Amino acid sequence: MKQGESRGLQGGYMSGQLLIAMPSMQDNRFARTVIYMCAHNIEGAMGLVINRLAGAVTFPDLLQQLGIDSPKSGTDTRIHFGGPVETGRGFVLHSGEYRHESTLEVNDEVALTATIDILQDIAKGRGPRRSLLALGYAGWGPGQLDTEIHANGWLHVAPDEGLVFDDDLDSKWDRAIAKLGFDPTLLSGDAGHA
């Protein structure tokens, strides 16, 4: 392993990983959240909260606001709270087989598209096999996320498709924590202590 690299992380960065809020997280916007990391590099980090809904907005409501015809059959697409940054902007985290010219390929299995084209394709039944629609995102400036991790604010784990895309939001934090293989309540929220 090269100096500065974390096990399983490319160059020490967490793109494609799940970020899990520590049990001691004090920021209510992120308490018990699981965030899929779409981008993390020297310039900063961006991810989507995958275990919280955005509220009363429905997919058909959103399509109507955007002037897109709703599908004739009902859709169970739920809208997630992706994070506190740009909450009026939509992002679709999706399975990797769907590609558009504006798609950000996170890895072979997962990609991110933030254009109206993907919503039109989903409404027409031509969208990705799996998807998660979110309003807003979680963002960090250069070095900010690294500082929060070193201060014991976050844990990270490799994702699996079920954790990322399934609808069982209430158990996602617990399931993500369980992948770590230990009881996080035994961890201290203070940096340098276990």
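The values are calculated or read from the model by the stated rules, or taken from the named source; none is laboratory data. Source: prediction; values computed, not measured. Glycine also receives a Cβ, built like all others from the backbone with ideal geometry; neighbour counts cover every protein chain displayed.
So, A114, is that one under 15 Å from the mean Cα position of the chain (by Cα) and closer than 21 Å to D166 by Cα or not?
On the way: under 15 Å from the mean Cα position of the chain (by Cα): yes; closer than 21 Å to D166 by Cα: yes.
It is true that A114 is under 15 Å from the mean Cα position of the chain (by Cα) and closer than 21 Å to D166 by Cα.
Cβ separations smaller than 7 Å between residues 6+ apart or across chains give the following pairs from the range 43-67 residues that are in contact (Cβ under 8 Å) with a residue 40 or more places away in the chain and crowded, with 19+ Cβ neighbours inside 10 Å to residues that are among the β-branched types (V, I, T) and assigned to a helix (DSSP H, G or I): I50/V164.
Give me the pairs, please: first residue somewhere in the range 69-90 and closer than 16 Å to R52 by Cα and at pLDDT below 80, second residue anywhere and surrounded by fewer than 14 Cβ atoms within 10 Å (Cβ to Cβ) and not basic (K, R), beta-carbon distance under 9 Å, and either six or more positions apart or on two chains. Hits for this filter: D76/D167. For A194, are the conditions met, namely being touching a Ser or Thr at 6+ places or on another chain (Cβ under 9 Å), over 15 Å from A21 (Cα atoms), exposed (fewer than 12 other Cβ atoms within 10 Å of the Cβ) and at pLDDT below 95? Yes; evaluated as a whole, the condition is true for this residue. Selection over the range 104-137 of residues that are free of Cβ contacts under 8 Å to residues at least 24 places away in the same chain, under 25 Å from Q64 (Cβ atoms) and not acidic (D, E) gives a count of 3.
Mind listing just one residue for me: the one in the range 120-130 that is surrounded by fewer than 22 Cβ atoms within 10 Å (Cβ to Cβ) and out of contact with any Phe, Trp or Tyr (no Cβ under 7 Å at 6 or more places or on another chain) and, of those, modelled with the highest pLDDT?
So the first thing to find is which residues in the range 120-130 are surrounded by fewer than 22 Cβ atoms within 10 Å (Cβ to Cβ), and the list is 120-121, 123-127, 129-130.
Filter once more, keeping what is out of contact with any Phe, Trp or Tyr (no Cβ under 7 Å at 6 or more places or on another chain): 120-121, 123-126, 129.
Values: Q120: 89, D121: 90, A123: 86, K124: 86, G125: 86, R126: 88, R129: 94.
Looking at the filtered set, the residue picked out is R129.
Contact map, the range 11-28: first residue on the phi > 0 side of the Ramachandran plot and at pLDDT below 90, second residue part of a loop (DSSP other than H, G, I, E, B) and surrounded by fewer than 14 Cβ atoms within 10 Å (Cβ to Cβ), Cβ cut-off under 9 Å, separation 6 or more or different chains; pairs are G11/K2; G11/G4; G11/E5; G12/K2; G12/G4; G12/E5. Of everything in the range 143-168 that's touching a residue at least 60 places away in the same chain (Cβ under 8 Å) and of a type in the set (D, E), which residue is surrounded by the fewest Cβ atoms within 10 Å (Cβ to Cβ)? Across the range 143-168, the extreme among qualifying residues is D167. Scanning the range 72-113 for residues that are over 21 Å from F30 (Cβ atoms) and either in contact with a Cys (Cβ under 7 Å, 6 or more places away or on another chain) or aromatic (F, W, Y) (or both) returns Y98, L104.
Please verify whether T147 is within 22 Å of L53 (Cα to Cα) and among the polar types (S, T, N, Q), treating the condition exactly as stated. Answer is no for this residue. Is it true that E101 is touching a residue at least 12 places away in the same chain (Cβ under 8 Å) and either over 19 Å from I20 (Cβ atoms) or not hydroxyl-bearing (S, T, Y) (or both)? Against the criterion (touching a residue at least 12 places away in the same chain (Cβ under 8 Å) and either over 19 Å from I20 (Cβ atoms) or not hydroxyl-bearing (S, T, Y) (or both)), E101 does not qualify.
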